[in-house]
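Take a look at the structure below.
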Amino acid sequence: MIVLFTDFGTTGPYVGQMKSVLCQRAPSTPVIDLMHDAPAFDPQAAAYLLAAMVAEFPSESVFLCVVDPGVGSQRKPMMARIDSRWFVGPDNGLFDAVVQHALDQTGIEWWEITWRPERLSASFHGRDLFAPVAAMLANGEAPPGRAVDVPLDRIREWPGDLEKIIYIDHFGNAMTGVRASRFDSRQKVIVGGQYLCRASTFSDVPAGQGFWYENSNGLVELAVNQGRADEFFQLNVGDAISFQAR
Amino acid sequence: MIVLFTDFGTTGPYVGQMKSVLCQRAPSTPVIDLMHDAPAFDPQAAAYLLAAMVAEFPSESVFLCVVDPGVGSQRKPMMARIDSRWFVGPDNGLFDAVVQHALDQTGIEWWEITWRPERLSASFHGRDLFAPVAAMLANGEAPPGRAVDVPLDRIREWPGDLEKIIYIDHFGNAMTGVRASRFDSRQKVIVGGQYLCRASTFSDVPAGQGFWYENSNGLVELAVNQGRADEFFQLNVGDAISFQAR
Amino acid sequence: MIVLFTDFGTTGPYVGQMKSVLCQRAPSTPVIDLMHDAPAFDPQAAAYLLAAMVAEFPSESVFLCVVDPGVGSQRKPMMARIDSRWFVGPDNGLFDAVVQHALDQTGIEWWEITWRPERLSASFHGRDLFAPVAAMLANGEAPPGRAVDVPLDRIREWPGDLEKIIYIDHFGNAMTGVRASRFDSRQKVIVGGQYLCRASTFSDVPAGQGFWYENSNGLVELAVNQGRADEFFQLNVGDAISFQAR
């Protein structure tokens, strides 16, 4: 399975052009569009979002991930193998939270991609470089690159959980980079000076009331029953949250 | 064929996560995204929209439908078999218009889903419960539940056609829940105090003029040639329409 | 491979209904969503956009293209074979730029579609007429129509490159209908009285600065590093651009 995680948006030709390459090079591998609205220009928020979702995918899945504000610059293209899954994309921190949350931290492998296509556009490495490499890995070929050390110093600079809003969904719910299992269910979340109690799910609170809950990916999420939390609490991606002391 | 009909939107990870489950559990069954912008929080409007579209899908298709404002509440998960097709989703009326329009009303079967996954999130039954059940049905397994009576009393409370706007599309056209075959082509539609004549299609009227026509799903639809009916007539989902007497 | 290029948008049931037909009639052919937000009501802008993208698809690909403001009018449905690829859609100029850019201009074939389905809706030829024909061609059947002359007189009226903005993407970048290879890299683009220099890619200029570059499809594209060119330069599809004399 090849899993796409990008900030390309659902409009435009970019996703289709990338899928055309995958279809030509790995025709028997199914492709899943996990997200195409990952936080643009924000590899850190995208990293914590991705890390919350990888566990449900089978081993040998290939994650083709492009949140790449530095395309065309000196950032390196990379591959990694983490907990029996493959990751392909820019070496800008996008996979660092996956490493932090990995079950098997000692078995992680990291490569710089040294393979280059005949034609490499300056702005669309997703189609020209990362998609062919993802297809090679899905086909069982050896990683077309050079093994390098896992960048542990960079990875350790990031927190285990990110106390920020990392994504606002179609319904106006605000995901944070904090795993709900880390907190006591009686602790309130503080955001913009307001205190939110925990509920199990939407129907546990009256219509129009705000709350936090453990979302389906295990993250702390801020929501309003039958309302939009982003508008109700004036929330944006990047806003800091905190937890009331126990 | 598994057919997806949800209000998840085209952004976010929800559709992809559901498809990942389908791909793992029913890898040889094609999946069609019919709609992911069904009217949110409005199972009745969604029900009439769905009912207008099922006939063109082959027998044994499995409709995986999630418009589910009551997720996590006491509403039951269900399966039904109607006119040789399968339906899986919340038992909140979403399939009631399909029942009303069924060719074979005596052969309908209805089940409460009693199967439960190892991990059932409070908020995402589409991924955790309905998708695995849809995969089982697509694989030819027996419905994993308990046969119950078709809720005919509830179903009969709803009209055969819904004289409301049930969907506004990308072009600004407004679909109603009324089958065009029920009306005389000389009858005008009344909406917001305005009277619209029927046309066969867009190019039958001058640019900028409003009209109603039988859309490609057999429903009465309000439109403006090369314009947006929603803006021109100030239309919203839920607005009532009526027909001028013959 | 069947490649979809439409103005249907990513919402609503239209794309799904068309794919259901393809899945039933050509079940073993992969389907790629190239674009569903081609410029609506503007077959000329759509034509230059399509022409820039066909070369990367394999021979025998079938392009199913619907930008069709005249659906239901007298415009004819057509098929063409250009450079070993198939094209199906309305005969409104949508494929004329593909013809202009063809490598083998003498080998082009053109047909009027004479096949008709049992049920042809007035407004949705994409589902009822063009999708079945695309499936027939993908299955290797003979073109179900009548060979006609290539409309060279109409095609020659259009310029080789279109000095207009033809598409604004998710990031706010503005594509033009001009192939970058036609211009000197020192020439500035003039748009709305402003002069833009060329850069290789985004990271070549400071954040917030505008420039033009050769995009991944070989077209001149106007952009702002880490900003939105459409807002920064007040750009809309259809706006004229020009090039400073050498």
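Label position 7 Å from Cα toward Cβ: report the copy-to-copy distances for C:D83 in nm, one decimal, ordered from shortest.
4.4, 4.5
Measure nothing but the geometry: give the 0 to 90° angle between the long axis through the Cα atoms of B:43-53 and the longest principal axis through the Cα atoms of chain B, rounded to 10°.
For helix B:43-53, the angle is close to 80 degrees.
For region B:48-113, what is the accessible area per residue in Å² when the probe is 1.4 Å?
For region B:48-113, the per-residue accessible area is 30 Å².
Count neighbours as other Cβ atoms within 10 Å of each site's Cβ, and list the GluC sites (Glu not before Pro) in region B:139-168 that are DSSP loop with at most 16 such neighbours.
Answer in residue order: B:E141.
Where a ≥ b ≥ c are the square roots of the eigenvalues of the C-alpha gyration tensor, would you call region B:1-82 rounded, which needs a/c under 1.5, or, failing that, prolate if a/b is larger than b/c, or oblate?
Cα axes put region B:1-82 in the rounded bin.
Determine the residues within region A:122-155 where the difference in accessible area between the chain on its own and the full set of protein chains amounts to at least 20 Å²; count protein heavy atoms only and use a 1.4 Å probe.
A:A122, A:S123, A:R127
Which distances, in nm and shortest first, link the C:R25 label point to the same label point in every other copy, taking 7 Å along Cα→Cβ?
Going from nearest to farthest copy, the values are 3.3, 3.3 nm.
Output wanted: per-residue J couplings in Hz (rounded whole) for region A:19-33, from phi through Karplus 6.51 cos²θ - 1.76 cosθ + 1.60, θ = phi - 60°, x for Gly and Pro.
5, 4, 4, 4, 5, 6, 9, 9, x, 9, 9, x, 10, 10, 7
Just to check, using Stokes-Einstein with a Kirkwood Rh over alpha carbon pairs, what's the diffusion coefficient of region B:74-198 at 4 °C and 1.567 mPa s in µm²/s?
76
Given H placed on each backbone N at 1.01 Å, which residues far from C:G145 in sequence or on other chains put an amide H within less than 5 Å of it?
So C:G145 has HN proximity to C:T114.
Roughly how much accessible area, to the nearest 100 Å², goes out of reach of solvent when C and B pair up, both sides summed, probe 1.4 Å?
Interface area, both chains combined: 2100 Å², rounded to the nearest 100.
Can you list the trypsin sites (Lys or Arg not before Pro) in region B:83-136 that are in a DSSP coil and have 10 or fewer other beta carbons within 10 angstrom?
Here the trypsin sites (Lys or Arg not before Pro) that fit, given the DSSP loop and packing criteria, are B:R119.
Please give the residues from region C:186-223 for which the solvent-accessible area of heavy atoms, probe 1.4 Å, is smaller by at least 10 Å² with all protein chains in place than with the chain isolated.
C:S200, C:T201, C:F202, C:S203, C:Y213, C:S216, C:N217
Got the relative contact order for region B:142-197 handy, in percent, Cα pairs under 8 Å and 6 or more residues apart?
19
Could you list which residues have their amide H under 5 Å from that of B:I32, counting only those 5 or more apart in sequence or on another chain, with H placed in the peptide plane?
Placed amide hydrogens put B:I2, B:V3, B:L4 under 5 Å from B:I32.
Relative to the isolated chain, which residues of region B:1-16 have their accessible area cut by 10 Å² or more in the presence of all protein chains (1.4 Å probe, heavy atoms, no ligands or nucleic acids)?
In region B:1-16, residues shielded by partner chains: B:M1, B:D7, B:F8, B:G9, B:T10, B:T11, B:G12, B:P13, B:Y14, B:G16.
Report the calculated FRET efficiency for A:E163 and C:D204 (r = Cβ-Cβ distance, R0 = 41 Å), to the nearest 0.05.
That gives a FRET efficiency of 0.70.
With a cut-off of 8 Å between alpha carbons and a minimum separation of six or more residues, what is the relative contact order of chain A in percent?
17
May I ask you to give the solvent-accessible area per residue for region B:116-194, in square angstrom, as obtained with a 1.4 angstrom probe?
46
When the accessible area of chain C is split by element with a 1.4 Å probe, what percent falls to carbon and sulfur?
For chain C, the apolar C and S fraction of the accessible surface comes to 46 percent.
Report, by chain and number, residues whose modeled amide H sits under 5 Å from the one on B:I241, excluding near sequence neighbours (fewer than 5 apart, same chain).
When sequence neighbours closer than 5 places are left aside, the close amide H contacts are B:K164, B:I165.
For region C:137-211, which trypsin sites (Lys or Arg not before Pro) are in a loop by DSSP, counting at most 10 other Cβ atoms within 10 Å?
Loop-located and lightly packed - C:R186.
Suppose we keep just the alpha-carbon trace of region B:137-216; what are its Rg and Dmax in angstrom?
18.8, 56
Pull out a ≥ b ≥ c, the square roots of the eigenvalues of the alpha-carbon gyration tensor of region B:174-246, then state rounded if a/c is under 1.5, prolate if not and a/b is larger than b/c, and oblate in the remaining case.
rounded
Mind checking the alpha-carbon convex hull of the protein assembly as shown and giving the volume per residue in Å³?
With only Cα atoms used, the protein assembly as shown gives 176 Å³ per residue.
Take every Cα pair under 8 Å in region B:1-84 that's 6+ residues apart, average their separations, divide by the length, and report that relative contact order as a whole percent.
Computed over region B:1-84, the figure is 43 percent.
How big is the Kirkwood radius of region C:49-127, worked out from every pair of different alpha carbons and given in Å to one decimal?
Result for region C:49-127, one decimal place: 13.3 Å.
Size of chain B along its principal axes in angstrom, Cα-based, largest extent first?
Result for chain B: principal-axis Cα extents of 57, 39, 32 Å.
What list of ³J(HN,Hα) values in whole Hz, one per residue of region A:113-123 in order, does the Karplus curve 6.51 cos²θ - 1.76 cosθ + 1.60 (θ = phi - 60°) give from phi, with Gly and Pro shown as x?
Working through the residues one at a time gives 6, 9, 4, 10, x, 4, 10, 10, 5, 6, 10 Hz.
The values are calculated or read from the model by the stated rules, or taken from the named source; none is laboratory data. Computed from a predicted model, the values in this text were never measured in an experiment. Glycine also receives a Cβ, built like all others from the backbone with ideal geometry; neighbour counts cover every protein chain displayed. Note: areas computed on protein heavy atoms with side chains; ligands, DNA, RNA excluded. Shrake-Rupley method; radii C 1.70, N 1.55, O 1.52, S 1.80 Å.
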